[in-house]
Structure formats: C-alpha cells, structure tokens
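**Q** First, the structure itself, so that you have it in front of you.
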Amino acid sequence: MLCPCCHHDETRVIDSRASAENSVRRRRECLKCRRRFTTYEKAEQASLKVIKKDGTRVSFDREKLRVGIAKACHKRPIAVEKIDQLVADIESEVLETFEREVPSHEIGERVSNSLKELDDVAYLRFVSVYSEFQRASDFAQELQPILRGAR
C-alpha cells in the first residue's frame, strides 16, 4: 500500500476491523514518514450486468441506485443511514439472486417494495418515474390502495 503523503510503499497495519457493507477497515502507518491513514478493503465481486428495458446491458452501479432512491426520498423524514441500508440490502439481494445478469425491472420492483414499506410519498415519486406515468389517472390508480390503507 502506498502512503498517500510520501508515496513510500512500505506500511504496517496498526488495527483492522470489520466495517459496513462487508468490508474491512485498516488503520495503517507509513514506515518512512510515520503518518497514519485508513484504508478499506472489499472483496471483488463478479461484474453484474443490468438488462435495461431496451435490451442493452450496463454494469450494475450501486451509486446510481443510491441516487435514484435518494431523489425519491428528497425532503422526506428519512435518514441518510436508512437510505444507505436500503441500497445495501437491495444490492445484496440482487447479488445473491442473480449470477451474471439482472433485468432492470427486478431492481425496480425491489426498490418499489422497499419504499412502499418506508414512505408513501417516496414510493409514489419513485414508481411514477419507474413506471413512466403519463397521466394524472396513473397517479390516482397507484394512490387508491394507499388511501384505502390510511387511518
């Protein structure tokens, strides 16, 4: 591991511990300049491809998933940690369920179901984009089951 300060290639590990999202956090010290820094180690996963609606295939992008969920949750009383946990859960489920390729609708369904449990407004925001609502009646149709379940 190269030291980020002096670029010396000899460091020693001072402390290691498990971190979030199946990674290992290591505290290191450079043997030349004695500065300390932190690194994170994560097992490399086989590249998962997402099959989009038009049939094209793109690499699974965890950050794109997080951004989409965060947009749906914008200005809602949902903690960032909850969004991060939702992303981690969906990513883990997809990686466990699909070996090499996953249809985009499978990811969308998992996000929809998770947001439906979390927050009605975030759910409606997400599903309106995901399902490509064209008319107000599309919103009304999706809203009916939510309103029936209201107090």
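**Q** Restricting to the range 104-145, count the residues that are without any contact (Cβ under 8 Å) to a residue 40 or more places away in the chain, over 17 Å from Ile90 (Cβ atoms) and assigned to a helix (DSSP H, G or I).
**A** Counting residues in the range 104-145 that are without any contact (Cβ under 8 Å) to a residue 40 or more places away in the chain, over 17 Å from Ile90 (Cβ atoms) and assigned to a helix (DSSP H, G or I) gives 13.
**Q** Looking at Gly108, is it modelled with pLDDT of 95 or more and either in contact with a Phe, Trp or Tyr (Cβ under 8 Å, 6 or more places away or on another chain) or surrounded by fewer than 12 Cβ atoms within 10 Å (Cβ to Cβ) (or both)?
**A** yes
**Q** Only residues in the range 73-97 that are touching a residue at least 40 places away in the same chain (Cβ under 8 Å) and of a type outside the set (A, V, I, L, M, F, W, C) count as the first member; pair them with residues that are in a helix (DSSP H, G or I) and surrounded by 10 or more Cβ atoms within 10 Å (Cβ to Cβ), Cβ under 7 angstrom, at least 6 apart or cross-chain, and list the lot.
**A** Arg76/Val121; Arg76/Ala122
**Q** Related question: In the range 1-55, which strands (runs of 3 or more DSSP E) lie fully inside it and hold 1 or more residues that are surrounded by 11 or more Cβ atoms within 10 Å (Cβ to Cβ) and aliphatic (A, V, I, L, M)?
**A** Here the list reads 11-19, 23-30, 49-51.
**Q** Looking at (1) more than 17 Å from Arg110 (Cβ to Cβ); (2) of a type in the set (Lys, Arg); (3) surrounded by 16 or more Cβ atoms within 10 Å (Cβ to Cβ), which is the only condition Arg66 fails?
**A** Among (1) more than 17 Å from Arg110 (Cβ to Cβ); (2) of a type in the set (Lys, Arg); (3) surrounded by 16 or more Cβ atoms within 10 Å (Cβ to Cβ), the lone unmet condition for Arg66 is (1).
A quick yes/no check of all residues on (1) touching a strand residue (DSSP E or B) at 6+ places or on another chain (Cβ under 9 Å); (2) over 19 Å from Val127 (Cβ atoms); (3) of a type in the set (Gly, Ala, Ser):
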residue: Ala18; (1), (2), (3): yes, yes, yes
residue: Ser23; (1), (2), (3): yes, yes, yes
residue: Cys33; (1), (2), (3): no, yes, no
residue: Lys42; (1), (2), (3): yes, yes, no
residue: Ile51; (1), (2), (3): yes, yes, no
residue: Lys71; (1), (2), (3): no, no, no
residue: Glu99; (1), (2), (3): no, yes, no
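The values are calculated or read from the model by the stated rules, or taken from the named source; none is laboratory data. Worth saying up front: this structure is predicted, and the values here are computed from it rather than measured. A quick note on method: Cβ atoms are made from the backbone with ideal geometry, for glycine too, and the neighbour counts reach across all protein chains shown.
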